[in-house]
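What follows is calculated from the coordinates using simple rules that are stated; it is not laboratory data. No experiment lies behind these values; they were computed from the predicted model shown. Heads up, the Cβs are rebuilt from the backbone with ideal geometry, glycines too, and the neighbour counts pull from every protein chain shown.
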Amino acid sequence: MKVYDWIVVGGGITGAALGYELCRQGLSVLILEQHPTLEGATRYSYGGLAYWSGTSRLTRVLCQEAREIYQSLSEQLETDTQFRELDLLLTIDLKDDSEQLAADYARFATPPTWVSVEDACAIEPLLNQNAIAGAFTVRHGHIHPGKTTQGYLNAFRRCGGEIQIGRVVELVRSSDAIKAVKTVAATYHTANTVVCAGGLSRTLLKASGIPVYLYFTHEQMIETPRVDINLQTMVIPADTKRFQLEQQASTKSVEHLWDEPGHEVIRPILDAGAVQFLDGSLRMGQLSRVLTDPYATIAPEKGEGEIRTQVGKILPALEKLPGTWHHCLVAFSNTSLPVVGSVSGVEGVYIFSGFTNPLVCVPPLAKRFANWVQGQEDEIIAKLSPPN
């Protein structure tokens, strides 16, 4: 019977990067992923790298490490991650308090610069000048998240890592230890298991009797094929409602709702934005719904209409472009920071999930985690570990 040193549950950007870094330590590693082709939050991400956005010593360290990693990641993974820098425009709504937003952004490592309506439209000619009161702008990293994840997976295989396709149904618990992971078709034995299952992490851990402060939203977005339109920047709202949603949906007052399917914890929010990839395709959205059932059915018609209408107000040329509606789960924690580390009281199980800023935080934290499990102390991992 083969026993792996590590089983990584989930093959998105979190599982792929972590599996690769563990494998580089000389460990035997198996990644279990339910989809044969990339799906989920990684697949439908904007691909943005907000390494300007650190607001504490911890997040600023991770942002700086991420910026350094991405400079050479394509070479290291032997793949084109499509890493580049572009202008990010944080549009100010006509009803927004520009002074308050400026004060909020002043706490970031690199505060975005305020620009007038005229200057914002010069930077991004597709903007509707009548829909905004100005914007903030900052240089922003960008990658193709799918190609980057596939690059990690290919490099993982070259290191000797194994990948099996199958839906994980159980972390097999024996007393106070996890010793195996069961999929629909097989059981795999392991000394250590790390859950990198994004929006499904909470459900999987709870099913094994492991409570954790992880949550998820149902995200909706639209992806277009290659189009002739040239969106020169990434555009998102300056007053991003996503962060407020995460805070409100993870308070103690609503915690009990998360253990019961069928609840919509708070009202949906829509942060209307868009980005164009190097192949000419666009991704625009994002509508977030807090439904406590990860398998809830989401009808596309209403969500797609809302996204198109709101994006169209800011970027009219995008509203009626041909495109396909998509839906996925996105994980978050109750601290705005990821949950990374070992689970107290249960041997052999770890968490690597809940990333609000995943494409920035995952590569440096994957390196740190792999070193940490090999005995190297890490104050950042200690601060992100699940509470006792």
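What residue among 375, 146, 40 shows peak mean-square fluctuation when the chain is described by a Gaussian network model with Cα springs under 10 Å?
Of 375, 146, 40, the most mobile in the Gaussian network model is 375.
Can you run phi through the Karplus equation (6.51, -1.76, 1.60; θ = phi - 60°) for the range 30-38 and list ³J(HN,Hα) in whole Hz, with x for Gly and Pro?
Once rounded to whole Hz, the list reads 10, 9, 10, 10, 7, 10, x, 10, 4.
Could you tell me which of rounded, prolate or oblate describes the range 70-119, using a ≥ b ≥ c as the square roots of the eigenvalues of the alpha-carbon gyration tensor, with rounded for a/c under 1.5 and, failing that, prolate when a/b is larger than b/c and oblate otherwise?
Details: a/c = 3.99, a/b = 2.49, b/c = 1.60.
Prolate is the answer for the range 70-119, as a/c is 1.5 or above and a/b outweighs b/c.
So which residue, out of 207, 41, 50, gets the largest mean-square fluctuation from a GNM of the chain using Cα contacts under 10 Å as springs?
Looking only at 207, 41, 50, the biggest GNM fluctuation is shown by 207.
Taking semi-axes √(5λ) of the Cα gyration tensor in Å straight from the coordinates, which label in (1) 37, 24, 18; (2) 44, 28, 18; (3) 35, 22, 20 is the correct one?
Of the listed options (1) 37, 24, 18; (2) 44, 28, 18; (3) 35, 22, 20, (3) comes from this structure.
Looking at the chain as a GNM with Cα springs under 10 Å, which of 116, 53, 201 has the largest mean-square fluctuation?
Fluctuation is largest for 116.
Rounded to the nearest 500 deg cm²/dmol, what is the calculated helix-only ellipticity per residue at 222 nm for the chain, with -39500 (n - 2.57) per DSSP H run of length n ≥ 4? Walk me through the numbers before you get to the answer.
Details: 11 runs with 117 residues, N = 388.
Result for the chain: -9000 deg cm²/dmol, rounded to the nearest 500.
Treating cross-link reach as a plain straight distance, find the lysines whose alpha-carbon is under 26 Å from the alpha-carbon of residue 313, omitting any fewer than eight places away in the same chain.
Candidates past the 8-residue exclusion: 95, 241, 302.
Return the ratio Rg/(2.2 N^0.38 Å) for the range 249-294, where Rg is computed over Cα atoms only. Before the final figure, lay out the partial values.
On the way: Rg = 15.3 Å, N = 46, 2.2 N^0.38 = 9.4 Å.
Taking the Cα Rg and dividing by 2.2 N^0.38 Å, one obtains 1.62.
List the cysteines of the chain that have no other Cys Cβ closer than 4.7 Å: which are they?
Result for the chain is 63, 121, 196, 328, 361, no neighbouring Cys Cβ within the cutoff.
Compute the Cα gyration tensor for the range 1-58, then decide on rounded, prolate or oblate, letting a ≥ b ≥ c be the square roots of its eigenvalues: rounded whenever a/c is under 1.5, prolate when a/b is larger than b/c in the other cases, and oblate in all that remain.
Here the range 1-58 falls in the oblate category.
What is the diffusion coefficient of the range 279-366 in µm²/s, taking the Kirkwood radius over Cα pairs and the Stokes-Einstein relation at 25 °C with a viscosity of 0.890 mPa s? Could you put the intermediate results ahead of the total?
Numbers: Rh = 16.1 Å.
Diffusion coefficient, whole number: 152 µm²/s.
How much net charge surrounds residue 183 when only the other residues with a Cβ under 11 Å from the Cβ of residue 183 are counted, with Lys and Arg +1 and Asp and Glu -1? Show your work: numbers first, answer last.
Numbers: positive: 167, 182; negative: 33, 170.
The answer is 0.
Sort 273-286, 173-186 for me by packing, meaning the mean count of neighbouring Cβ atoms within 10 Å per residue, highest on top. Provide the component values of the computation, followed by the final result.
Numbers: 273-286: 20.4, 173-186: 14.9.
So the peptides 273-286, 173-186, ranked by packing, come out 273-286, 173-186.
Just to confirm my numbers, what's the Cα centroid distance between the range 181-220 and the range 152-173 in Å?
Distance between centres, Cα-based: 14 Å.
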